[in-house]
Each structure stands twice: as C-alpha cells, then as structure tokens.
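Below you'll find the structure, written out as structure tokens, and then a few comments.
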Amino acid sequence: MSFWDHLEALRSCILKVLAALVVVLVGCFIALPYIFDAFILGPTHSDFFMCRLLGFAYGPTQGVEIININVAAQFLTHMSTSFWMALVLVFPYLIYQIWVFVRPALYQREVKGVRTAFTAGTSLFYIGCAVGYLLVFPIIFRFLAQYRIGTEVVNQINLSSYMSIFLSMIFIMGLVFEMPILLWLLGSLGIINKKMLRSWRRYAIVVLLILAAAITPTGDPFTLMIVFLPLYLLYELSIVFVKNG
C-alpha cells in the first residue's frame, strides 16, 4: 500500500469509530435520565450495597444529597456524562478498528500475540472501571462526604464536584488496570523480563503506594490499602505473563 492508501485506511477506521460514537452517544443521552439516579448517583444512596461494607470502616452510612448551584450544570452534566459513557461503550470497537488498521503490517506469528493483548487490555479496562465504581469511588466519596472538620460546617455536595471525582476515579482505575498489558508488551520487546520485575519488587511497592496515595486524596490507611492491593496484585500478575530473562 502507498502512503495515501494508508491514510485512506486510517480515515476509514476513524470515520467508523466516530459514527459508532455518535450513535451510542445519542442512545446514552436518551437513556441517561432513566439510569442516572440508580447508577451514577448509586453510591450516594444509603441502600447502595457497598455502603453497608463501608459502615464497618466509617460508622453508619446515610444518604448523601447532591445539589446544583449552576443554571446550566445539569444540562452540561447530561451531555458530558453521555459522552463519557458512550466512549466507554465504544472502547472495544475502537480497539477493534485499531487492530484492523495495524494487522496488515504484522507477521503471522505477531498477529496472535497482538490480538491477545488487545482482548486482554479491553477486559482489564472494564474490570478496572468496575473496581473503581464498586470499590474505590464509594470508599473515597463516602469518606469525604461524611468528613467533618467542625460540627457547625455542613457538607453540601455540588453536582459538578461529584461528577468530576466520579468520572476521574473510574477512568483512572480503568487505565491503571492496563499495567499488566504494558509490562507484557515491554517484555515482548525485550526491555524487561521476569528477573528484573522480581528484583524491582521492593521499589515497585513504594511506587505503587505513592500512586495509590495520589489516587486516594483521603490519606487514611484503610482507603490507601483498598487501592494499593489491586495495584500490587496487578504487578504480581504482570510477572507471570512477562517473558523469562
């Protein structure tokens, strides 16, 4: 293929992804009012199942009220949340189109490995998003929402603030769960190997603790360990899949 043929193939892939994104975005925009209270605001409800577990760590949990102080905030939140939900749902198709574009440039022996990496990467991303939604975000949010510096200060959680931390926590955890794939690719390129990862374990623990502290602004040991343990398990999982050296 010529340079222009490659550009045409890339253009075709981009247009297909954009078309799928627009279709899913419209669907998410229509469906969001019906799922916003139950799904997006789920962690604010006292009957959210993770709240019962959080009660053991922080005491009895109560529902948290979300307020809006900006006239346009609810509409903008509707638009932005629909977009991010559509992006998450279209993510597998995006990965597939990337695969379609790069596959002709690979040798047959490389096709299987890259296909496996794309599949595993997509699965790990969704697992990370699920961990962020079901575990990390509820713990962080409930702690911050119920924290009191003084008895006269009442927390009123703004909608924009809630959505910011909600989306960031979920997407950060989704990206963090890509670590085994990243290390596997580095191992496939001969940059790292099992021996190196094992010898770096002590330093990795320190780095992962710092990363967990950056993800969790609460600073308490319980929340820190809730985030750190999945990261450390991902590091150990990476050692299993990286080539020997």
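Values in this text are rule-based calculations from the coordinates and carry no lab data. Owing to the predicted nature of the structure, the values given are computational and were not obtained by experimental measurement. We place every Cβ from the backbone using ideal geometry, glycine too, and count neighbours over all the protein chains shown.
Going highest first, how would you order 157-163, 223-229 by mean Cβ packing within 10 Å?
Highest to lowest by the protection proxy: 223-229, 157-163.
For the ranges 93-101, 172-180, 143-151, what's the packing order if you count other beta-carbon atoms within 10 Å of each residue, average per peptide, and put the highest first? Intermediate values should be presented prior to the final figure.
Values: 93-101: 16.1, 172-180: 20.0, 143-151: 12.0.
Descending mean neighbour count gives 172-180, 93-101, 143-151.
Our Cα-only numbers for the chain put the radius of gyration and Dmax at 21.2, 70 Å. Remark: the range 142-154, residue by residue, has Karplus-estimated 3J(HN,Hα) of 5, 5, 5, 5, 9, 6, 10, 8, x, 6, 8, 9, 10 Hz, where x stands for each Gly or Pro and the curve is 6.51 cos²θ - 1.76 cosθ + 1.60 at θ = phi - 60°. Would you pull out the residues with amide H under 5 Å of Ile192's amide H, same chain only if 5 or more places away, H placed 1.01 Å from N? Under 5 Å from the amide H of Ile192 lie the amide H atoms of Gly187, each far enough along the sequence or on another chain.
How do Glu65, Glu152 rank when sorted from fewest to most other Cβ atoms within 10 Å of their own Cβ? Show your work: numbers first, answer last.
Numbers: Glu65 10, Glu152 6.
Lowest to highest Cβ neighbour count: Glu152, Glu65.
Only DSSP H runs of four or more residues enter the estimate; each adds -39500 (n - 2.57), and after division by the residues of the chain the mean residue ellipticity at 222 nm equals -24500 deg cm²/dmol.
Hey, could you grab the Kirkwood Rh for the range 131-245? Inverse mean 1/r over distinct alpha carbon pairs, Å, one decimal.
Numbers: mean 1/r = 0.0635 Å⁻¹.
For the range 131-245, inverting the mean 1/r across all distinct Cα pairs yields 15.7 Å.
Take every Cα-Cα pair in the range 178-245 and report what % of them are more than 18 Å apart. Roughly 38 percent, once rounded to a whole number. The label point for Val206 and the one for Phe101, both projected 7 Å from the Cα toward the Cβ, are 3.9 nm apart.
Order these by the 10 Å Cβ neighbour count, fewest first: Thr116, Thr122.
Ascending Cβ contact count within 10 Å gives the list Thr116, Thr122.
The order of the peptides 231-238, 133-140 by mean Cβ neighbours within 10 Å, most packed first, is 133-140, 231-238.
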